[in-house]
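The values are calculated or read from the model by the stated rules, or taken from the named source; none is laboratory data. Computed from a predicted model, the values in this text were never measured in an experiment. Note: ideal-geometry Cβ built from the backbone for every residue, glycine included; neighbour counts use all protein chains shown. Surface accessibility is based on the protein's heavy atoms, side chains included, excluding ligands, DNA and RNA. Shrake-Rupley method; radii C 1.70, N 1.55, O 1.52, S 1.80 Å.
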Amino acid sequence: MKISIITVSYNSKLTIRDTILSVLSQTYPNIEYIIIDGASTDGTLAIIEEYRTKIARVISEPDKGIYDAMNKGIRLAKGDFVGILNSDDFLADQNTIKDLVSFLQENPSLDCSYADVIYVQRDHPEKIVRLYSSKNFSPRKVRIGIMIPHAGFYAKRELFERLGYYKLDYRVAADFELMARFLKSGAIFGRYPHVMVKMRNGGISSNGFFWRIHQNFEIVRACKENGIYTNIVFLMLKIPSKLLSYICR
């Protein structure tokens, strides 16, 4: 089984080395690693170049945003399953992909897998901020804005080809919309019950009051586009679950 991992980057020189090394140090041999860079100017490309011979594809060119870059990578991918690892995140340990593949091989009916992720301090990644657990996820919770962690999400490549890619008219919730779309299509999801990724705090959807409000309106839109009834009031029901994730870390 081939696993494609796609990293999208833009001016990520402070963190991308950790991301790259976490992939290249994996004990599982059949990994296709693709980096899509948005024409960085800060030295990111020089770091990528140090590892160029071990990376399947590197593209650096202007894009229409993070979801456009993700789509470029997915369209290039040749793996059976595809996952996204952003340029400020890193895989949990050296056996992460090997263990994921074992899980997928033991559950051949799955179209998608999802796992837990850990948020860490941006400048001190050894310090945990919170655990984003997928243990209690169920499709009925999508209507209150609870979705599986995107960083721990791997899907069959053919799903993207059949059901579509990330929608570029979303600014912060295209990942939510895509996973809602896959769920509503009848794709079979299964939980891999381990931490897959450590994420640095500070992504666009978690950075600032405006973006949180905008994200919630996009989630309402994503649900409506996929036949899931919700509204802004319903989304407030996810707050206790999120607070609990800070306590149980």
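Worth a mention:
- Of all DSSP beta bridges in the chain, antiparallel share, percent nearest 5: 35 percent
- Remark: the chain carries 48 Å² of accessible area per residue (probe radius 1.4 Å; ligands, DNA and RNA excluded).
- Prolate/oblate/rounded label for the stretch 110-190 (Cα gyration tensor, a/c 1.5): prolate
- Around GLY43: net Lys/Arg minus Asp/Glu count, Cβ-Cβ under 13 Å: -2
- Accessible surface of the stretch 1-95 [probe 1.4 Å, protein heavy atoms]: carbon and sulfur percent: 49 percent
- Three-way shape call for the stretch 13-64 based on the alpha-carbon gyration tensor, with the a/c threshold at 1.5: prolate
- Overall form of the stretch 158-201 per C-alpha gyration tensor (a/c, 1.5; a/b vs b/c): oblate
- Pairs of Cα atoms in the stretch 1-107 fall into 10 Å distance bins, from 0 up to the last occupied one, in shares of 15, 51, 28, 5, 0 percent.
- Range of Cα positions in the chain per principal axis (Å), largest first: 50, 40, 35
- Residues of type lysines that LYS141 reaches as a straight line, Cα spacing below 27 Å, ignoring anything fewer than 8 places off in the same chain: LYS156, LYS167, LYS184, LYS198, LYS224, LYS238, LYS242
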